[in-house]
Amino acid sequence: MNIIDFTISLNGIDLLNFAGVNESNLNIIKDYFDSTIVLRGNTVYLKGEQDELKTIEKVFNELIFLQKRQGEISQKDVKLVLDLVHTKDDAKRLKKSFGFAPNEINDVIISRKNDFIKPRTPNQSEYLKMEKENDIVFAIGPAGTGKTYLAVAFALAALKNKEVNKIVLTRPAVEAGESLGFLPGDLSEKVDPYLRPLYDALEDMVTLEKLEGYIEKNIIEVIPLAYMRGRTLNNAFVILDEAQNSTALQMKMFLTRLGPNSKAIITGDITQIDLPKRDQSGLVQIQHILKNVEDISFLYFEKSDVVRHKLVKDIIDAYEKFQGQ
């Protein structure tokens, strides 16, 4: 990874118009890239991977040209330039790095550090299709099939495309008795071990600096399931992970948090239930309750969808054989 610093001069440019009111134009550009972009005086300071900085430089050069030709630029101009440059570069990188054609770019969920997150198995492709066509999707299957990882990618893509205003990720903290009160430290210290997998997925797709900004502004929220009670989530992408460890009442509580223009993905593995009794699992019960409800889909991953270390499939097979004895 080649991280460098770079500057772009805006001498002779109408900075108020170029940056936009409250830097609205500049913020649109920031949302498209992982690099740090800061305007100080007449200079734009950039820090990031070399290839991405080249693309950002193209964007600024195009906008500078447009402003000089038109006398001003608008948010529409900024989005148009970003779409043109972004799509063109993505198509080139797709073909060069992954061998699939530009017309398959719709299969890409989100760009990540000069890489792309896209479905790698037929069921993962179906997952992407279901997410686009439904407001609520249940993804059920063994560990390592990409259930949570892809859900986080879906959410970040929706946020990037302005389809939602925030992301909420949650898990039941079963081992801590859901009250978390007996653990030392503040809330973040208490729940961190249980929410860490969600942070890991986020940190793999978003730079730490940008992620911290999202969390500070409450655009991304990672909380235990118990703290969802009483809330209504509008214009949000909500993910419930490890849902097999939610009770029937908790599952109902979670699903009824959704407000207008919100989407939800619920992931879990019903072979790894940590509740005292298996029949208490809200994920087991909900398959029967919602199986015929429109705009809600269930997807069942299999061992063949495992995309972690090659030994994960063998480990799952070994456990199945042992339990079948």
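The values are calculated or read from the model by the stated rules, or taken from the named source; none is laboratory data. In this text the structure is predicted, and so the values were computed from the model without any measurement. Don't worry about glycine lacking a Cβ; one is built from the backbone with ideal geometry, like all the others, and counts go over all protein chains shown. Surface accessibility is based on the protein's heavy atoms, side chains included, excluding ligands, DNA and RNA. Shrake-Rupley method; radii C 1.70, N 1.55, O 1.52, S 1.80 Å.
Select from region 1-44 the residues that are in a helix (DSSP H, G or I) and farther than 16 Å from Leu80 by Cα and list them in ascending order.
First, the residues of region 1-44 that are in a helix (DSSP H, G or I): 15-19, 21-32.
Leu15, Leu16, Asn17, Val21, Asn22, Glu23, listed by residue number.
Against the condition surrounded by 14 or more Cβ atoms within 10 Å (Cβ to Cβ), farther than 13 Å from Ile140 by Cβ, among the β-branched types (Val, Ile, Thr) and under 20 Å from the mean Cα position of the chain (by Cα), how does Ile266 come out, does it pass? Before the answer, list the steps.
Working: surrounded by 14 or more Cβ atoms within 10 Å (Cβ to Cβ): yes; farther than 13 Å from Ile140 by Cβ: no; among the β-branched types (Val, Ile, Thr): yes; under 20 Å from the mean Cα position of the chain (by Cα): yes.
The answer is no for Ile266.
Can you tell me which residue within region 6-27, out of those that are under 27 Å from the mean Cα position of the chain (by Cα) and over 20 Å from Gln70 (Cα atoms), is surrounded by the fewest Cβ atoms within 10 Å (Cβ to Cβ)?
Asn22
Please determine whether any residue of region 153-166 is at pLDDT below 90, among the β-branched types (Val, Ile, Thr) and either within 18 Å of Met205 (Cβ to Cβ) or in contact with a helix residue (DSSP H, G or I) (Cβ under 8 Å, 6 or more places away or on another chain) (or both).
Looking through region 153-166, none of the residues is at pLDDT below 90, among the β-branched types (Val, Ile, Thr) and either within 18 Å of Met205 (Cβ to Cβ) or in contact with a helix residue (DSSP H, G or I) (Cβ under 8 Å, 6 or more places away or on another chain) (or both).
Which of the strands (runs of 3 or more DSSP E) found entirely inside region 193-272 contain at least 1 residues meeting this: of a type in the set (S, T, N, Q) and at negative phi? Quick ask: steps written out before the conclusion?
Details: elements: 220-224, 236-240, 263-268.
Output list reads 263-268.
Scan region 59-75 and give yes if some residue there is among the hydrophobic types (A, V, I, L, M, F, W, C), under 24 Å from Ile220 (Cβ atoms) and either surrounded by 15 or more Cβ atoms within 10 Å (Cβ to Cβ) or at pLDDT 85 or above (or both), otherwise no. Break it down stepwise before answering.
Residues of region 59-75 that are among the hydrophobic types (A, V, I, L, M, F, W, C), as a first pass: 59-60, 63-66, 73.
Still in the running and under 24 Å from Ile220 (Cβ atoms): none.
Looking for residues that are among the hydrophobic types (A, V, I, L, M, F, W, C), under 24 Å from Ile220 (Cβ atoms) and either surrounded by 15 or more Cβ atoms within 10 Å (Cβ to Cβ) or at pLDDT 85 or above (or both), one finds none in region 59-75, hence no.
Assigned to a loop (DSSP other than H, G, I, E, B), among the aliphatic types (A, V, I, L, M) and either within 22 Å of Lys129 (Cβ to Cβ) or touching a residue at least 60 places away in the same chain (Cβ under 8 Å) (or both), is that true of Val307? Give the derivation first.
Details: assigned to a loop (DSSP other than H, G, I, E, B): yes; among the aliphatic types (A, V, I, L, M): yes; either within 22 Å of Lys129 (Cβ to Cβ) or touching a residue at least 60 places away in the same chain (Cβ under 8 Å) (or both): yes.
Yes.
Can you tell me which residue is nearest to Glu133 (Cα to Cα) among those in region 275-294 that are open to solvent by less than 90 Å² (accessible area, probe 1.4 Å) and modelled with pLDDT under 90? Walk me through how you get there before you give the answer.
As a first pass, look at region 275-294 and keep what is open to solvent by less than 90 Å² (accessible area, probe 1.4 Å): 275, 280-287, 290, 293.
From the residues that got through so far, the ones that are modelled with pLDDT under 90 too are 275, 280.
Numbers: Leu275: 32, Gln280: 30 Å.
Restricting to residues being open to solvent by less than 90 Å² (accessible area, probe 1.4 Å) and modelled with pLDDT under 90, the top hit is Gln280.
Return the residues of region 45-87 that are of a type in the set (S, T, N, Q) and either outside any helix (DSSP H, G or I) or in contact with a Pro (Cβ under 9 Å, 6 or more places away or on another chain) (or both); say none if nothing qualifies.
Selection gives Ser74, Thr87.
Of the residues Leu299, Leu290, which single one is of a type in the set (A, V, I, L, M) and over 24 Å from Asp317 (Cα atoms)? Lay out the reasoning, then the answer.
Details: Leu299 fails: over 24 Å from Asp317 (Cα atoms).
Residue meeting the stated conditions: Leu290.
Looking at region 209-220, is at least one residue open to solvent by 90 Å² or more (accessible area, probe 1.4 Å) and in contact with a strand residue (DSSP E or B) (Cβ under 7 Å, 6 or more places away or on another chain)? Before the answer, list the steps.
Taking region 209-220 as the starting set, the residues that turn out to be open to solvent by 90 Å² or more (accessible area, probe 1.4 Å) are 209, 212, 216-217.
From what's left, in contact with a strand residue (DSSP E or B) (Cβ under 7 Å, 6 or more places away or on another chain): 209.
Checked region 209-220: at least one residue is open to solvent by 90 Å² or more (accessible area, probe 1.4 Å) and in contact with a strand residue (DSSP E or B) (Cβ under 7 Å, 6 or more places away or on another chain).
Quick check on region 136-158. Is at least one of its residues surrounded by fewer than 21 Cβ atoms within 10 Å (Cβ to Cβ) and free of Cβ contacts under 8 Å to residues at least 40 places away in the same chain?
No: zero hits.
Test of understanding: among Thr232, Thr170, which residue is modelled with pLDDT of 80 or more, of a type in the set (Ser, Thr, Tyr), open to solvent by less than 70 Å² (accessible area, probe 1.4 Å) and within 20 Å of Ser246 (Cα to Cα)? Steps first, answer last, please.
On the way: Thr232 fails: open to solvent by less than 70 Å² (accessible area, probe 1.4 Å).
Unique residue meeting the criteria: Thr170.
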